[in-house]
Amino acid sequence: MSTTGSRVWVVGPSGAGKSTVARALAEARGLPHYELDAMFWAPGWQRRPEADFLADVAALDRTDGWIADGQYDAAHPLLEELADTVVWVDPPRGATTARLLRRTVRRLRTREELWNGNRERLGSALQLVLWAHREFPAVRRANTDLFARMQARSVPCLRLRTPQDIRELLSKERA
């Protein structure tokens, strides 16, 4: 039996595994997966106009169900209203930094396309790793506050701290 609703927002710091968990949830539930990064970034690493980005996020309301992942402050108010479940992927800081470093090296080596034709570039990739490591405590505080607001509205909130937590959730979702 499913643990999550049909409009699931997956949050967490950069490198936590949000997209991996969201893709697996979407596959298990037969729901579409939306990466906020793909909605936010235009070709050439240009930020899309905020109004366009938020319109795309708001359009999720016109669908029957979805799994969305991302941690964009501007989208929080919309997603807080739309989501019927919040999943926080929250491994320790060292694990997210190590995962982010491995992922970045792989993407630089393979020239993997990310969103809208964008690929990692050495300078910006290194800045992202440093930023993510430095901002980890702020993201944790923001998600603690998010959980408090959502739980006050009786929205189910699941916090996944370990790989075992993730396996258990996915096992329940597939059942």
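The values are calculated or read from the model by the stated rules, or taken from the named source; none is laboratory data. Keep in mind it's a predicted model, so treat the numbers as computed, not measured. Here the Cβ is made from the backbone with ideal geometry for all residues, glycine too, and neighbour counts use every protein chain on show. Ligands, DNA and RNA are stripped out before the accessible areas are found, and what is left, the full protein with its side chains, is counted by its heavy atoms. Shrake-Rupley method; radii C 1.70, N 1.55, O 1.52, S 1.80 Å.
Data for the structure
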| item | result |
| --- | --- |
| Single unsatisfied condition, ARG102 versus (1) part of a helix (DSSP H, G or I); (2) within 18 Å of SER19 (Cα to Cα); (3) touching a helix residue (DSSP H, G or I) at 6+ places or on another chain (Cβ under 7 Å) | (3) |
| Scan of the range 1-22 for residues that are in a helix (DSSP H, G or I) and touching a residue at least 40 places away in the same chain (Cβ under 8 Å), ordered by number | LYS18, SER19, VAL21, ALA22 |
| Enumeration of residues in the range 44-81 that are part of a helix (DSSP H, G or I), charged (D, E, K, R) and over 17 Å from LYS18 (Cβ atoms) | GLU50, ASP52, ASP56, ASP61, ARG62, GLU81 |
| Residues of the range 76-114 satisfying the condition of being loosely packed, with under 15 Cβ neighbours inside 10 Å and over 21 Å from LEU160 (Cβ atoms) | PRO77, GLU81, VAL105, ARG106, ARG109, THR110, ARG111, GLU112, GLU113, LEU114 |
| Candidates ASP69, ASP61, filtered to the one that is under 22 Å from THR85 (Cβ atoms), of a type in the set (Asp, Glu) and open to solvent by 50 Å² or more (accessible area, probe 1.4 Å) | ASP61 |
| Counted residues, the range 146-157 - those being buried (at least 16 other Cβ atoms within 10 Å of the Cβ) and either modelled with pLDDT under 95 or not in a helix (DSSP H, G or I) (or both) | 2 |
| Residue count, the range 28-52 (criterion: in contact with a strand residue (DSSP E or B) (Cβ under 8 Å, 6 or more places away or on another chain) and free of Cβ contacts under 8 Å to residues at least 24 places away in the same chain) | 2 |
| Among (1) free of Cβ contacts under 8 Å to residues at least 60 places away in the same chain; (2) surrounded by fewer than 15 Cβ atoms within 10 Å (Cβ to Cβ); (3) in contact with a Lys or Arg (Cβ under 6 Å, 6 or more places away or on another chain); (4) acidic (Asp, Glu), the one test that GLU120 misses | (2) |
| Residue in the range 130-138 that is touching a Leu at 6+ places or on another chain (Cβ under 6 Å) and buried (at least 16 other Cβ atoms within 10 Å of the Cβ) present | yes |
| Breaking point among (1) surrounded by fewer than 18 Cβ atoms within 10 Å (Cβ to Cβ); (2) at pLDDT 85 or above; (3) not in a helix (DSSP H, G or I), for GLN164 | (3) |
| Subset of the range 1-57 that is more than 10 Å from the chain's Cα centre (by Cα) and of a type in the set (Val, Ile, Thr) - its residue that is surrounded by the most Cβ atoms within 10 Å (Cβ to Cβ) | VAL8 |
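Table: residues versus (1) within 16 Å of VAL8 (Cβ to Cβ); (2) among the aliphatic types (A, V, I, L, M); (3) assigned to a helix (DSSP H, G or I).
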| residue | (1), (2), (3) |
| --- | --- |
| ALA98 | no, yes, yes |
| SER124 | no, no, yes |
| VAL139 | no, yes, yes |
| THR144 | no, no, yes |
| ARG159 | yes, no, no |
